[in-house]
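Below is one structure; the comments refer to it alone.
The values are calculated or read from the model by the stated rules, or taken from the named source; none is laboratory data. Being a predicted model, the structure only gives us computed values, none of them experimental. Side chains included, ligands, DNA and RNA excluded: accessible areas come from the protein's heavy atoms. Shrake-Rupley method; radii C 1.70, N 1.55, O 1.52, S 1.80 Å.
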Amino acid sequence: MPGARRPPAKPFAKRQGWGVGAPAAREYAGWPRPAAHPTLATNPETAHDPRPDPRRRGRRQRPGRRLRLTLALLVAAALVATDAPPETPAEPTPQVSGAAATPPAPAAEPQQKAPPAEDQAEAPNALLFVPMKLLSVLDQDFSIGPWTFRGYIQFDGADYTQEPAGPPETDFRRGAIGSGDTLDAQALADGSYLRKARLGGEGQWGENLSYRAMFDIGGRDEQGEARIAEVWARYSRFAPYVLIVGAYPQLANMEDATSTDANPFLERATAANLARGLGGGDGRLGITVRRATRNWMTAISLTGPVLHEDDETSPRSAVVARTSRAFYPSKTSSVHVGGSLIYVLSPGKSQDGRTPGFGFRLMATPEVRVDDTPLLDTGDLIADHAKVLGLEFAARRRNLFLQAEAFDFAVERAASEAPRDAHFSGFYVQGSWIITGEARRFDQTRAVFGRPLTRHPLREGGWGAWELAFRYSRMDANSNAGRLGAPPPPGGVRGGDQTILNLALNWYPSDRIRLMLNAMHVKVDRLNPAGPADPEPFGPAPLTPPVGVQIGQTLDILALRLRYSF
């Protein structure tokens, strides 16, 4: 019965469902609970496993005690009022009756005295009082009864440095095939915008049933309409096996399973992001069976279409599987290896009477979305089946962290479309050093490393947590591309070969706020895809450059993100 007190369960079985940011996030060798840090809420994009604090489990929740936001605001207002210096009342004028009364002597003019040294020292602190109290309010959990509100807001800005645009007859840089302005790639637009706003919540019914609903209500992709990012239920009666049903991002690979709140960079690595889009991603219907123990995590999902997906030719069903193994785990270090598989079972509907298949297309911008012009694009490939194989590695030693993944994309093309299948590949290597000494925590239920807990938050007089990170990523979207100056051979694909070197500086002033700075050097090597099968992919000349010329480019990007999650 919900709310009834139950006897304590096995330590791991009950902690099975805790996500990266849960109050009792565990480590190896006894799974100690972090004692020196404030409670960090379950990350809004992580775990399909929201569980309440074990200290509250089995108690009846009272809504009045859970309205923390309102109470925190009232407390902050009261503290501001309390800290205001009281006014000194004026001395009353003596009332004397009779004509012989002597008028009071004029009061001496008060001397101007300098404030004490300690008051001068406290003046700057007084100016910071309200901002510090605001940070305290933002670090609260927002709850009503069994429902806990979750969400995040992130705001991005970027500056692109590239060669000035020239006329299309001499400037051959091009972007996506047949979408938008063909010459956008020559002048990527600087600017800032609301990258994403995601709101919703999660809760628990009894001991074994949890649920979550998250909606995207902001950002360029949503165009002002709310979209379902996650709506699912999880049943854990047979732990360590759990069952998840609904619309949610499956565990397609390690980078995909890592929350954007824990990723050291603004966006996922290109290869990992393209792989997740084939059978996973936000809002994709599916059913998942997952098993997690101290050393193993295995998840198998059967997925369907994406909600709000307009493309009827996208894959209708796929199998997504991932497994991970931990070696030599301890409090200060751990090593993990694993693999992933995405296999499309049934293609989409036929395209304009052509051979049934789905439009397989790899298309990506550099790893920031302020300007959404793709520089990688394979064009539409009509396929019968497609699969992605992935290998992953991650290791941590105290405040040092390293992670890498490699992917192989295999596309079985429809017999009427091309004489040979297509193969693409990609990988990334990334690492970080947390200067202030915090460590990334491993979440075995998802087999990913989460963000660090801030030891000395700004609101307590500290400097927060500081992190330096690097990433080198490559995505080769070419398949039998041919040589420079010649059209692609039959069945060849010229999607481009993109490499990105990314350096990042991250500041965590508290457990809910993060400021990120990314500096990227991008190089795209791509030949003009125009050939006998498609002589004008970018439009009539001069929009389509000469056959076989270089249409890629080299550029630098400086990007910034402000993120708040709760």
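Quick notes on this structure:
- Accessible-area value, SER236, 1.4 Å probe, nucleic acids and ligands omitted, Å²: 10
- Semi-axis lengths (Å, descending) of the ellipsoid that matches the C-alpha gyration tensor of the stretch 408-474: 44, 14, 9
- Residue-normalised accessible area of the stretch 474-562, given per residue in Å² at a 1.4 Å probe: 38
- Under 5 Å, built H, 5+ apart or other chain: amide partners of THR365: LEU375
- Per-residue surface analysis assigns PHE442 an accessible area of about 20 Å², computed on protein heavy atoms at 1.4 Å probe radius.
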